[in-house]
Amino acid sequence: MTSTSRAQGATVWLTGLPSAGKTTIARLLGDRLKAEGRRVEVLDGDEIRRFLSAGLGFSRADRFTNVQRVGLVSEVLARNGVLSLVPVIAPYADSREAVRERHGQSGTPYLEVHVATPVEVCGERDVKGLYARQAAGRLTGLTGVDDPYEPPVDPALVLPTQDQTPRESADAVYALLAERGLL
Ligand SMILES: Nc1ncnc2c1ncn2[C@@H]1O[C@H](COP(=O)(O)OS(=O)(=O)O)[C@@H](OP(=O)(O)O)[C@H]1O
Ligand SMILES: Nc1ncnc2c1ncn2[C@@H]1O[C@H](COP(=O)(O)OP(=O)(O)O)[C@@H](O)[C@H]1O
């Protein structure tokens with residue numbers, strides 16, 4: 001690489017239900033890319049909500065705001081050569097579309113990956129106990145159960161994680177990046 005060239009960045013948005021596997025896949029892929037010398041950030045949804053989106057809840061409006069904030073940060077990183085991996089639910093198609101448009105305006109690659117784990121499987125995994133809390137009547141507005149999830153219509157990749165190991169899912173995203181000339 002010459003002193004003036006720069007690696008091509010991109011945003012890879014992993015959208016899907018709670019416990020679908022978004023965070024696991026982003027971390028595995030991030031570790032692999034870092035080991036290969038790439039500049040990578042995983043914009044962890046929980047961390048974002050603790051700081052950048054502190055005070056926001058899970059109403060439609062708050063989720064929209066949250067996704068736009070994450071989208072802004074990711075676009076800035078990606079525009080500057082970072083591979084930005086975003087494991088954030090982003091349940092509404094219009095909020096994802098606004099993020100896509102932001103990337104389009106700066107000519108920055110934006111790839112949507114649907115982590116398409118069925119809700120029944122997510123409920124069995126229930127990594128954070130949210131499905132159990134919803135079933136017990138102690139939580140309302142859980143995405144995919146009693147709150148909307150609008151699946152991507154034309155994602156770059158669909159991951160049926162119920163039939164894959166985490167490694168296989170992460171490798172499929174890696175292959176997508178390679179195919180798009182982003183590695
Ligand atoms: N009601 C409800 N619905 C969905 N998710 C909930 C809810 N309450 C808390 N959580 C936890 O918050 C994480 C979702 O945050 P996100 O920023 O990814 O959501 S969003 O895109 O703004 O909708 C999400 O993280 P993941 O499980 O990693 O997806 C949940 O653990
Ligand atoms: N193919 C797969 N990809 C990702 N996670 C998987 C897969 N198969 C099983 N899992 C398990 O599912 C759970 C997903 O949790 P997590 O990544 O926190 O989900 P999310 O970030 O979507 O809420 C983890 O316990 C993970 O080991």
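Laid out as a table, the results:
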read-out	value
Residues within the stretch 158-183 that are outside any helix (DSSP H, G or I), open to solvent by 70 Å² or more (accessible area, probe 1.4 Å) and not basic (Lys, Arg), tallied	2
Selection count, the stretch 75-100, where residues are away from ligand 2 (no atom under 16 Å from the Cβ) and part of a helix (DSSP H, G or I)	12
Subset of the stretch 161-170 [closer than 13 Å to CYS122 by Cα and under 15 Å from the mean Cα position of the chain (by Cα)]	THR161
Those residues of the stretch 29-48 which are open to solvent by less than 50 Å² (accessible area, probe 1.4 Å) and more than 13 Å from ligand 2 (Cβ to nearest atom), in sequence order	LEU33, ARG38, VAL40
Selected residue [in contact with a Pro (Cβ under 7 Å, 6 or more places away or on another chain), of a type outside the set (Phe, Trp, Tyr) and either in a loop (DSSP other than H, G, I, E, B) or buried (at least 20 other Cβ atoms within 10 Å of the Cβ) (or both)] from ALA20, ALA7, ALA54, ALA26	ALA26
Pairs, first touching a residue at least 12 places away in the same chain (Cβ under 8 Å) in the stretch 7-26, second in a loop (DSSP other than H, G, I, E, B) and near ligand 2 (Cβ under 6 Å from one of its atoms), C-beta under 8 Å, six or more apart	PRO18/VAL127; SER19/VAL127; LYS22/GLY16
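Let's see how each residue does on (1) open to solvent by 60 Å² or more (accessible area, probe 1.4 Å); (2) among the charged types (D, E, K, R); (3) without any contact (Cβ under 8 Å) to a residue 24 or more places away in the chain; (4) within 24 Å of VAL12 (Cβ to Cβ):
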| site | (1), (2), (3), (4) |
| --- | --- |
| VAL82 | no, no, no, yes |
| PRO87 | no, no, no, yes |
| TYR92 | no, no, no, yes |
| ARG102 | yes, yes, no, yes |
| CYS122 | no, no, no, yes |
| TYR131 | no, no, no, no |
| GLN134 | no, no, yes, no |
| ASP146 | yes, yes, yes, no |
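The values are calculated or read from the model by the stated rules, or taken from the named source; none is laboratory data. The structure displayed is predicted, hence computed values, not measured ones. Heads up, the Cβs are rebuilt from the backbone with ideal geometry, glycines too, and the neighbour counts pull from every protein chain shown. Protein only, heavy atoms only, side chains kept; ligands, DNA and RNA dropped before computing areas. Shrake-Rupley method; radii C 1.70, N 1.55, O 1.52, S 1.80 Å.
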